[in-house]
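Here the structure comes first, spelled out in structure tokens, and everything after it is commentary.
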Amino acid sequence: MLLRLPARAALACFVLAGSASCAHAEVASWYGPGFHGRLAADGSRFDQDALTAAHKTLPFGTRVRVTCAATGRSVVVRITDRGPFIAGRAIDLSRGAARAIGLSGVGRVHLAILG
């Protein structure tokens with residue numbers, strides 16, 4: 001099954017479900033300290049050290065494999081929140097997920113929807 005990740009046309013990425021291969025890198029950032037303990041958009045409490053992420057359009061509960069282009073490390077996150085709200089960014093990772101792949105600040109990642 002071919003899935004299209006919502007993103008700007010220039011960064012459109014086509015992946016096979018369960019595959020980590022991706023034609024283009026997406027821009028990711030992370031969030032945490034100012035939101036820890038607050039309600040996420042799905043109604044759960046945001047835990048900055050959990051393996052979660054925010055995405056503008058993917059359904060809550062969707063699992064996504066995020067692979068850092070710089071380190072080659074990957075992590076599977078669950079979508080629990082909405083964002084990022086900065087132009088050009090495709091996903092906001094929790095602090096825990098960003099640490100797991102070695103992302104500090106903003107960086108390029110490959111995304112694969114797992115379901």
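The values are calculated or read from the model by the stated rules, or taken from the named source; none is laboratory data. Nothing here was measured: the structure is a model prediction, and the numbers come from that model. Using ideal geometry, Cβ is built from the backbone for each residue, glycine included, and neighbour counts are taken over all protein chains shown.
Pick from the stretch 72-115 the residues that are hydroxyl-bearing (Ser, Thr, Tyr) and in contact with a Gly (Cβ under 9 Å, 6 or more places away or on another chain): which of them is farthest from residue 51 (Cα to Cα)?
Going through the stretch 72-115, the residues hydroxyl-bearing (Ser, Thr, Tyr) turn out to be 74, 80, 94, 104.
Filter once more, keeping what is in contact with a Gly (Cβ under 9 Å, 6 or more places away or on another chain): 80, 94.
Values: 80: 10, 94: 6 Å.
So the residue we want is 80.
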*Of the numbered conditions (1) modelled with pLDDT of 50 or more; (2) within 16 Å of residue 92 (Cα to Cα), residue 24 fails exactly one; give the number of that condition.*
(2)
*Has the stretch 92-106 got at least one residue that is modelled with pLDDT of 95 or more, surrounded by fewer than 13 Cβ atoms within 10 Å (Cβ to Cβ), in a loop (DSSP other than H, G, I, E, B) and not small (Gly, Ala, Ser)?*
no
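Based on this model, can you work out whether residue 43 counts as loosely packed, with under 15 Cβ neighbours inside 10 Å and free of Cβ contacts under 8 Å to residues at least 12 places away in the same chain? Break it down into steps so the answer makes sense when it comes.
Values: loosely packed, with under 15 Cβ neighbours inside 10 Å: yes; free of Cβ contacts under 8 Å to residues at least 12 places away in the same chain: yes.
So residue 43 passes the test.
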*What are the residues in the stretch 55-104 that are of a type in the set (A, V, I, L, M) and touching a Cys at 6+ places or on another chain (Cβ under 7 Å), if any?*
101, 103
*Spot the failing condition for residue 112; the list is (1) buried (at least 19 other Cβ atoms within 10 Å of the Cβ); (2) over 24 Å from residue 43 (Cβ atoms); (3) touching a helix residue (DSSP H, G or I) at 6+ places or on another chain (Cβ under 8 Å), and only one is missed.*
(3)
*Considering only the stretch 46-87, state which residues are among the small types (Gly, Ala, Ser), assigned to a strand (DSSP E or B) and surrounded by fewer than 19 Cβ atoms within 10 Å (Cβ to Cβ).*
74
